[in-house]
Amino acid sequence: MNHQSADCLSPAKVTYNAFGLPVSTEFDDIYFTNENGLAESQYVFIQHNDLEKRWQTHSYTTFTIAETGFGTGLNFLACWAMFQKHAPPQLRLHFISFEKHPLPKADLERALSHFPELASEAAELLKAYPVPHQGCHRMQFCQGRVVLDLWLGDIHHQLPQWLPHAQQTVDAWFLDGFAPDKNPQMWQPSIYAAMAESCRANATFATFTAAGAVRRDLQAAGFTVNKAKGFRHKREMLYGHVQTSNKAPQIADKPITVVGGGIAAACTAWSLSRRGYRVEFLTTGIADGASGNAQGAVYPLLHAELSPLTHFFLSAFDHARQFYQQVAPAQWHETGVVQLAFNSAREQRHEKIIAADIYSPATVKGLSADETQQLWSHLPAMPSLYYPKAGWVPPHQLVEQILGACAETVTLTAIDPITDIQTDADGWQLSTTTGQKLHATTLIVAAGAGLEQLLKPWQMTFQNVRGQVTQVKANEVSEQCPVVVCYKGYFTPAQDGTHCVGATYARKFDSEQFAQPTAQDTAENLATLHDNLNSNWTGQLEPIADRASLRNTTRDHLPACGWLTPSLGVLGGLGSRGFTSAPLCAELLVGQWLQEPLPLSADLISRLAPQRLQADLT
């Protein structure tokens, strides 16, 4: 099995030369010089883009670099290390790189072992290095101060998906990759034109090559091109700049108002605070809605074809697990998730996913009945899908820790439920059930089940679905469970002597009594677990607590993430996978507001727009 996606993403194939350095077999070219790859990166890209000096006087809160050819990540790591030493502490680094053939992790680790001075940064990159699939992989380091967007796939396909939301955002380009005579397909005029469109005022570029065709095409795209002495034995290299007239925006002097209390609101507050913005966080309670269960599973939603839904959840899952590892490592439990084929329909669905051969086994793999029981001998002898990098989080603790990481930039304000949002002279007026009037200049509504009521003036079609989760006391067998078990419901590993068993799914419910648990739902959760797993130990579990809440869903199962007006943002419709999708959606929403390069393709961004959920008034 080759584990290539439908649009042919394939890993790099390398050999190693006499110096132990990687060489591409496809392009017959080195990844970095035999003499000193780090010194070359510093000379060509950092020195000739004048980065150290420019960081000191930069007009924006973020310095953005884009690169053709990620390769071993050496340029990124060199830049990251230099940035930490020399950049002002309030400045952020956003590094964007495109790579058609990503190195397998083992080859990446071997290549980077040659640079012990970058060992700390390399270890962080290797820990975050994503499973290869088409599109953008956003990784955050240094608590969000350093951001890497790694776009995997042919640059000629990925650039058109990136560029619409990256106009006039880039401060420096690293024009890297294999040499023009080795990889002429990449060095095309369309690349240089896209570079010019993406550049901010006085953006620069640098490249190791001095090829005449490259120089002429860069000039035709609008760059002023200069020659310099190449690194060591190389005769010449190119560097230069482009003239544009855009000006730096002013950081908002008034706080951004976020309404909510769960994972979506917390991640939004975190993304804003990392960029230097003050946040007024209006909440009826922290993690008191769908984010309030004792345990929540984090894994992607996959289909037998690479649908937009699948593409979104692949990117969202990769980002979520790396985000939790960075921001709240004690709350991230990478136990794996197993989905049991508990009936013939589920078994056929699993077989189609595996037969499609579009996912890396690091994302999901098919297990036989025997292999399922090798995960844990008390699982039933059923075929299954296994997600080795998935896991679970304790929602309440996680939300509190994310908000705590925002420190003094976020002000928490307890309020009564908001009943109405209206425009006023300088933004938005919010009314509560007790008649209190609140004001917001820029407002983000991430209120889960409350969205249906709050966004009525915009005629949004969300649906709330009631779910009840049952906590059971761990017994001698169940306390050994090492993995999240999914069937028609789910069962979590033990936390403080209890498991979560969930969850019911009711589209019709009493809106006044929805939070009141029922004995019928408790019985349903336990019966579903016992019937689907058909194991002795499942019938011996003792329920000790229940919790009911509302999931906020959309008709197409994609989140609603975007701006209804320039000052009214929406993040909702996360359904039962909020802890998978919220971190990436928050980055998208904040990035849209600040006109940053975004972490999803233009096609996916348009599919998440909340306007798609507005009632058709024609």
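Would you pick out the residues in region 532-570 that are in a loop (DSSP other than H, G, I, E, B) and polar (S, T, N, Q)? Scanning region 532-570 gives N534, S535, T554, S567. Among (1) within 22 Å of the chain's Cα centre (by Cα); (2) open to solvent by 10 Å² or more (accessible area, probe 1.4 Å), which single condition is Y387 missing? Here Y387 clears every test but (2). For region 300-314, the condition holds for at least one residue, the condition being that it is assigned to a loop (DSSP other than H, G, I, E, B) and buried (at least 22 other Cβ atoms within 10 Å of the Cβ).
When the test is whether a residue is of a type in the set (A, V, I, L, M, F, W, C), at pLDDT 95 or above and either in the same structural domain as E400 (by the TED database) or loosely packed, with under 15 Cβ neighbours inside 10 Å (or both), L218 does not pass it. Kindly evaluate L272 against the criterion of being closer than 25 Å to I444 by Cα, in the same structural domain as G569 (by the TED database) and part of a strand (DSSP E or B). Spelling it out, it is not the case that L272 is closer than 25 Å to I444 by Cα, in the same structural domain as G569 (by the TED database) and part of a strand (DSSP E or B).
Condition first: in contact (Cβ under 8 Å) with a residue 40 or more places away in the chain, over 21 Å from E40 (Cβ atoms) and surrounded by 18 or more Cβ atoms within 10 Å (Cβ to Cβ). Can you find one or more residues in region 178-191 that meet it? The answer is yes; a qualifying residue exists. The lone criterion from (1) at pLDDT 95 or above; (2) loosely packed, with under 15 Cβ neighbours inside 10 Å; (3) part of a loop (DSSP other than H, G, I, E, B) left unmet by P361 is number (1). Condition check for V23 on (1) among the hydrophobic types (A, V, I, L, M, F, W, C); (2) farther than 19 Å from Q140 by Cβ; (3) out of contact with any Pro (no Cβ under 6 Å at 6 or more places or on another chain); (4) touching a residue at least 12 places away in the same chain (Cβ under 8 Å): one failure, at (4).
The set of residues in region 367-406 that are in contact (Cβ under 8 Å) with a residue 12 or more places away in the chain and either of a type in the set (S, T, N, Q) or touching a Leu at 6+ places or on another chain (Cβ under 6 Å) (or both) comprises S368, T372, P380, M382, S384, Y386, Q397, Q401. Among the listed residues R200, R232, identify the single one that is among the basic types (K, R) and within 20 Å of K53 (Cα to Cα). Among R200, R232, only R200 is among the basic types (K, R) and within 20 Å of K53 (Cα to Cα). Considering only residues that are of a type outside the set (F, W, Y) and part of a helix (DSSP H, G or I), which ones fall in region 67-84? Scanning region 67-84 gives L74, N75, L77, A78, C79, A81, M82, Q84. For region 129-158, a residue qualifies if it is in a helix (DSSP H, G or I) and open to solvent by less than 10 Å² (accessible area, probe 1.4 Å), and exactly one does: G144. Checked against the criteria, A582 does not count as in a strand (DSSP E or B), closer than 30 Å to D510 by Cα, small (G, A, S) and touching a residue at least 12 places away in the same chain (Cβ under 8 Å). Only one of the listed residues (G562, G572) is in contact (Cβ under 8 Å) with a residue 60 or more places away in the chain and touching a Leu at 6+ places or on another chain (Cβ under 7 Å). That residue is G572.
Every residue, every condition in (1) of a type in the set (A, V, I, L, M); (2) without any contact (Cβ under 8 Å) to a residue 40 or more places away in the chain; (3) open to solvent by 10 Å² or more (accessible area, probe 1.4 Å), yes or no:
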site: H319; (1), (2), (3): no, no, no
site: Q322; (1), (2), (3): no, no, no
site: A328; (1), (2), (3): yes, no, no
site: Q331; (1), (2), (3): no, no, yes
site: A345; (1), (2), (3): yes, yes, yes
site: R349; (1), (2), (3): no, no, yes
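The values are calculated or read from the model by the stated rules, or taken from the named source; none is laboratory data. If you're wondering where the values come from, they're calculated on a predicted model, not measured in any experiment. Here Cβ is always computed from backbone atoms with ideal geometry, including for glycine, and neighbour counts include all displayed protein chains. Note: areas computed on protein heavy atoms with side chains; ligands, DNA, RNA excluded. Shrake-Rupley method; radii C 1.70, N 1.55, O 1.52, S 1.80 Å.
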